[in-house]
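Read through the structure below, which is laid out as structure tokens, and then see the notes.
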Amino acid sequence: EEIAVFLKQARFDVVHFNIGMHGWAYSEDEYRQHCPALIAAIRQHAPQAKLVLATTTPIRTDTESGARNDRILRRNTIARELAAAGQIPVDDLHALMAPHTDMHSDNVHFTREGSALMAEQVAREVQKLLPAR
């Protein structure tokens, strides 16, 4: 519902999205079951937009409470499968950031330099899909 409200506020040419690390209480089966609804909501409320799925970036250290790199890899695999089925290009931020564990500001977030590195890649991927002007 929040996605619908947000997308109704403006016209988007490109939606670069991530089905990231929130919802660790949900299993990967539940993740696989419910992610198509998110993609459908984006398509419904931004029908003219081209979509790009960003993979979830790695965390610095696995935690007992759910955030673990093996789960991120499994979820990225699910997200890639859904993207392929929907003919959505993938921006592999995971591959970009995997060698840069030194750029974490905490276990999950990145430093200014890490964020800038990701921003450059995101901008390149979005630019590819923007209409010519």
- Expected field for residue 111, accessible surface area in Å² at 1.4 Å probe radius, rounded to 10, holds 30 Å²
- Given a 1.4 Å probe, how much area per residue of the chain is accessible, in Å²? 61 Å²
- Message: If you split all Cα-Cα distances of the stretch 85-133 into 10 Å bins from zero, what percentages do you get per bin, shortest first?
- Response: 23, 44, 24, 8, 0
- Here the membrane-span-like helices of the chain, with no claim about any membrane, defined by DSSP H, Cα axial extent at least 27 Å and mean Kyte-Doolittle at least 1.6, are none
- For 102, 13, 91, give the ranking by accessible area with the largest first, probe 1.4 Å. 102, 13, 91
- Specify the residue with the greatest mean-square fluctuation among 79, 41, 54, computed from a Gaussian network of the chain linking alpha-carbon atoms under 10 Å apart. 41
- Before rounding to the nearest 500, sum -39500 (n - 2.57) across all DSSP H runs of length at least 4 in the chain and divide by the residue total; then give [θ] at 222 nm in deg cm²/dmol. -15000 deg cm²/dmol
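The values are calculated or read from the model by the stated rules, or taken from the named source; none is laboratory data. Since this is a predicted model, take the numbers as computed values, not measurements. The area values use the complete protein model at the heavy-atom level, side chains included, leaving out ligands, DNA and RNA. Shrake-Rupley method; radii C 1.70, N 1.55, O 1.52, S 1.80 Å.
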